[in-house]
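The values are calculated or read from the model by the stated rules, or taken from the named source; none is laboratory data. This structure is a prediction, so every number in the text was calculated from the model and none was measured. As a convention, Cβ positions derive from the backbone with ideal geometry for all residues, glycine included, and neighbour counts pool all protein chains shown.
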Amino acid sequence: MSALSDQVVSIATMVYLLAMISHAVEYALGNARAKVVAAPARELVGAAVGGGATGVTGSVGGAGSAAVTAAQTGAERTARRAELAGRIAVVMTALGAALHLVGLVTRGLAADRMPWGNMYEFVLTVSFIGAAAWLVVLVKMPSLRRLGLFLNLVMALLLATAELVLYTPIVPLVPALNSYWFIVHVSTIVFASGLFLLGVVPAMAYLMRAGYEQGKRSFPYTLAKRLPAAAGLERLTFVLHAFSFPVFTFAVIAGAIWAEAAWGRPWGWDPKETWAFISWVVYAGYLHARATPSVKRNVTAWLAILGFLTVLMNLFGVNIFFEGLHSYGGL
Amino acid sequence: MTAVDDRPAAPAEAPRRRPNPVLALLRNSWRQLTSMRTALVLLFLLAVAAIPGSVLPQRGVNPEDVRDFYTAYPELAPMLDRVGAFEAFGSVWFSAIYLLLFTSLIGCITPRLRDHVRALRAAPPAVPKRLERLPQHEVLPAPAGGAAAVAETLRRRRWRVVVRGDEVSAEKGYLKETGNLIFHTSMVVVLVGVALGSWYGWHGNRLLVAGPDGVFCNTRQQYAEAKLGPRVGDDLPRFCMQLDEFDARFLPSGQPSYFNAKVTVDEYGGAPRPAEFSVNSPLRLDGANVYLLGHGYVPLIRYTDRFGNTQTSNLPFLTTGDIGLTSEGLAAFPDANVNPDTGERDPNLQVAFSGLYLPTAPQQPPFTRSEYPTEQNPLLDLIAYRGNLGLDAGIPGSVYQLDQRQVRNGRLTEIGQKQLRMGESWTLDDGTTVEFVGTGRYIVLSVRHDPGTMLLLVSSVGLVLGLMGSLFVRRRRIFVRVLPAGSADGSGYPDGGSPTGGSSLVEVAGLPRTEHPGFAAEFAQLVSAIRGDERGGEAGAGSGVEAGAGAREGAE
Ligand code: HEM
């Protein structure tokens, strides 16, 4: 069962990678189409505006119309391909998430407990929540599909890191972790972290799109060409964070209750606790900043990204660099 | 941005007298301090100020690491220590930031609290003149009961409603501000809880050796390390405790899987009673909680001196932190070789053994590391010393470590090293013997009392509930005006007409006071409810979507 889990997780990583490539193809085709259409469109503004292409082209002249039709059919074909690539990418993401879930469940069955006893399992679970939440968002807002490129990139990176760096064989929980509050604590932390992970995607997209809308045409901003409007991305970022912040708050409190039972103090500024505090304060800052009219939305988006960096620091950095009571990291 | 529009504007009282410059300065500083921007900056500073506390070793977390840091960076460490870097969370700079933040917080919530209480008691405001300017707006035939019926419909949906003649104002979502205030107030209560804990709380750590000789009674002197809050009185709650049995189980890998300590507790005023506790389930006594933090072995070392006197040392050996419970310790016999006839003691014939205990020694040397935490192949590695242990000099030394100064200045000499299995003995060069008799167990306890925890728990609940109210509830208003029959034509609604032959119309408008993407849908449902098709039938839903699509989201 344990070996099965490991294999399924490897496959899931590959599938996420494929999904990412499909998204990249979608992007590339989308941009190619944009270039082809751009050239004649300057002369034939009408073709783009009026739905009936024939009527408009007729008035311009034979040679031009032939070129345009050729370009258009070519462009349509590319567009269709881009659409197909996008759909494949989504299917791949869903497949990856399904495999991911299988990997988690088999890991849990093999260990005979919840699969979050060490860092490997922890990262596996957090990233699954992120992927699942992404699919939910996608159903509600299909126009965000192109963001899948970033999501799958993050997923593939996280899973690969988990497998290559953090992998630990299955062991039961040490007594200190054997508590209901621990389960509550970790499941909610995992859930909130997954949502924070997801929240970073629209935050980054917002920054790029907002730049694009202000007329920036250099590298990262061009990626945002086909993204939904900046305001919508910004609102999505807020909704995700507004939802996960109370969950995270609850999770930290559950951790404190558990720490009181296990170590005799609810809060002791152990490195993990300290970084959870830092994340909490940064996210509180994000929500605050968003409610403060004089703070620019760019700044709030950066705060959200900063918040996630602190979450990552807690997930990886603290286990690797510091020594503390949260020594179940398995490194 | 509407989220802050109902925040009270700073009370701009008309200055009747010439403003006093000092007062003006004070008032301005106060306004600065309690602004959202300042709160943001302070929050950010707080996050940054917490970082050193996780990077540098902290006394409160791990005092040994601080000592190691001192040896590693002898120049840097004292400088860092002077700015409180090893007690970062109690340092002046950290405290300054959070105290400022909380001052700002209190300054911020007090007026809001007052205003909110006022708002809670006040009726929703009067219907504005030009309803068509609001983000949601619709005109429909008036329901049978007129304004009263509309008010009833709204009331049934738990809106707060006031009817003024032909006009109805309704508001909902007060819970948002309530939640927000509960959240921020809870934060202050958290701080109070922490303060209570640090003033009136105390804790101490202690090793408890199994058996009647190890009984521990809760007094200040009994703790090797204790930390008492400045307001803790002299007497701690009185109880005594004896460890009867300690059970530890491990996986084949050496990872612990189960701990249980059985004790007899004698609380003041009660009969001795048995009790059990473990990691994650502390023993909760009256006025103190007892936590299990660790465990280890107590090698029993018997020394027989030149005069045939025997003494047995039963001091705990401290674990070195590896999974196999390799432990180090000391068996000191300062009273050895005292002539029983004359009572004369030779201070240079004191004996001590520093030892390494391996519960499961490897089959081959080197015997430096235990392979497993239970005693499968116990081995005691002793180094014998004879001379002056330096205990009379009055310099307090650790009972777990030999005073190395005595070795360095030659008053104490090493006389050999030997590995002993259980039951084996070793005859030293002067004919005296030492025997490894057996082992006992000890556990590491943390005894704590924190009067702030209950408050922390209560405020945490407030924190989460308040946050949910604040983030998930939306504040919004509905205004309704019943237009007298026939007036619609004049007010410029071409579709208004007179659908029901001269009967009156109602004008309904909605204003989300905070960001509320779903408001259009809610408004549409309300409109259809007012229209009379309670179930929100097709017509209502259809017009709702239209309204939603056309409406601006959020007020200006
Ligand atoms: C102890 C530090 C503080 C923390 C951790 C904190 C945290 C938060 C959080 C998480 C929110 C978002 C929830 C919501 O929208 O209601 C919030 C909102 C708010 N906070 Fe704070 N806050 C702190 C201090 C302050 C201070 C000092 C002020 C006053 C200057 C303040 C004023 C507000 C206001 C007015 C809102 C409501 C924003 C809105 O309308 O949505 N807070 N705070």
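At-a-glance table
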| item | result |
| --- | --- |
| So B:Glu132, is it part of a helix (DSSP H, G or I), without any contact (Cβ under 8 Å) to a residue 60 or more places away in the chain and either of a type outside the set (Val, Ile, Thr) or more than 16 Å from the ligand (Cβ to nearest atom) (or both) | no |
| Long-range neighbours under 7 Å by Cβ, at least six apart or interchain, first residue outside the structural domain of B:Gly53 (by TED's automatic domain parsing) and surrounded by 10 or more Cβ atoms within 10 Å (Cβ to Cβ) within the stretch B:65-84, second in a loop (DSSP other than H, G, I, E, B) and of a type in the set (D, E, K, R) | none |
| Where B:Arg112 falls short, out of the listed (1) away from the ligand (no atom under 16 Å from the Cβ); (2) in contact with an Asp or Glu (Cβ under 8 Å, 6 or more places away or on another chain) | (1) |
| The stretch B:423-480, residues that are among the charged types (D, E, K, R), farther than 27 Å from B:Leu292 by Cα and in a loop (DSSP other than H, G, I, E, B) | B:Glu424, B:Asp429, B:Asp430, B:Arg474, B:Arg475 |
| Some residue of the stretch B:193-206 being over 24 Å from B:Gly452 (Cα atoms) and either in a strand (DSSP E or B) or at pLDDT 90 or above (or both) | no |
| The stretch B:73-103, subset small (Gly, Ala, Ser) and in a loop (DSSP other than H, G, I, E, B), residue nearest to the other protein chains (Cβ to nearest Cβ) | B:Ser91 |
| Meets criteria (within 16 Å of the ligand (Cβ to nearest atom), over 30 Å from B:Leu293 (Cβ atoms) and of a type in the set (A, V, I, L, M, F, W, C)) for A:Leu240 | yes |
| Filter pass, A:Trp258 being more than 25 Å from B:Met36 (Cα to Cα), within 9 Å of chain B (Cβ to nearest Cβ), crowded, with 20+ Cβ neighbours inside 10 Å and touching a Ser or Thr at 6+ places or on another chain (Cβ under 7 Å) | yes |
| All positions within the stretch B:15-43 that are away from chain A (no Cβ under 13 Å) and closer than 21 Å to A:Trp275 by Cβ | none |
| Sole exception among (1) surrounded by fewer than 20 Cβ atoms within 10 Å (Cβ to Cβ); (2) farther than 30 Å from B:Tyr98 by Cβ for B:Arg231, by number | (2) |
| Condition met for A:Thr222 (within 14 Å of chain B (Cβ to nearest Cβ), under 21 Å from the mean Cα position of the chain (by Cα), modelled with pLDDT of 75 or more and part of a helix (DSSP H, G or I)) | no |
| Count of residues meeting criterion [modelled with pLDDT under 75, part of a helix (DSSP H, G or I) and of a type in the set (Gly, Ala, Ser)] in the stretch A:143-179 | 1 |
| Filtered residues of the stretch B:58-72 (kept if part of a helix (DSSP H, G or I) and of a type in the set (S, T, N, Q)) | B:Thr71 |
| Candidate set from the stretch A:280-309 (those that are within 15 Å of the ligand (Cβ to nearest atom) and small (Gly, Ala, Ser)); member that is farthest from the chain's Cα centre (by Cα) | A:Ser294 |
| Odd one out for A:Trp269 among (1) part of a loop (DSSP other than H, G, I, E, B); (2) aromatic (Phe, Trp, Tyr); (3) more than 8 Å from chain B (Cβ to nearest Cβ) | (3) |
| Tally, over the stretch A:287-303, of residues that are in contact (Cβ under 8 Å) with a residue 40 or more places away in the chain and in contact with a Ser or Thr (Cβ under 6 Å, 6 or more places away or on another chain) | 1 |
| Tally, over the stretch B:485-540, of residues that are small (Gly, Ala, Ser) and modelled with pLDDT under 50 | 12 |
| Count of the stretch B:17-43 residues which are within 10 Å of the ligand (Cβ to nearest atom) and outside any helix (DSSP H, G or I) | 2 |
| Subset of the stretch B:318-330 [hydrophobic (A, V, I, L, M, F, W, C) and touching a residue at least 60 places away in the same chain (Cβ under 8 Å)] | B:Leu318, B:Ile323, B:Leu330 |
| Residue in the stretch B:198-213 that is within 16 Å of the ligand (Cβ to nearest atom) and β-branched (Val, Ile, Thr) present | no |
| In the stretch B:44-63, residue nearest to the ligand (Cβ to nearest atom) [restricted to those that are within 10 Å of chain A (Cβ to nearest Cβ) and exposed (fewer than 15 other Cβ atoms within 10 Å of the Cβ)] | B:Val48 |
| Residue list for the stretch A:225-266, restricted to those being in contact with a Pro (Cβ under 8 Å, 6 or more places away or on another chain) and either within 21 Å of B:Val190 (Cβ to Cβ) or not in a helix (DSSP H, G or I) (or both) | A:Ala256, A:Ile257, A:Ala259, A:Glu260, A:Ala261, A:Gly264 |
| Of all residues in the stretch A:296-314 being surrounded by fewer than 21 Cβ atoms within 10 Å (Cβ to Cβ) and away from chain B (no Cβ under 13 Å), the one that is modelled with the lowest pLDDT | A:Leu312 |
| Unmet criterion (only one of (1) under 49 Å from the mean Cα position of the chain (by Cα); (2) surrounded by 12 or more Cβ atoms within 10 Å (Cβ to Cβ)) for B:Arg121 | (2) |
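Table: residues versus (1) surrounded by fewer than 17 Cβ atoms within 10 Å (Cβ to Cβ); (2) away from chain A (no Cβ under 14 Å).
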{"position": "B:Asp235", "(1), (2)": "yes, yes"}
{"position": "B:Leu251", "(1), (2)": "yes, no"}
{"position": "B:Gln255", "(1), (2)": "yes, no"}
{"position": "B:Val279", "(1), (2)": "no, no"}
{"position": "B:Asp286", "(1), (2)": "yes, yes"}
{"position": "B:Gly296", "(1), (2)": "no, yes"}
{"position": "B:Asp305", "(1), (2)": "no, yes"}
{"position": "B:Thr312", "(1), (2)": "yes, yes"}
{"position": "B:Asp322", "(1), (2)": "yes, no"}
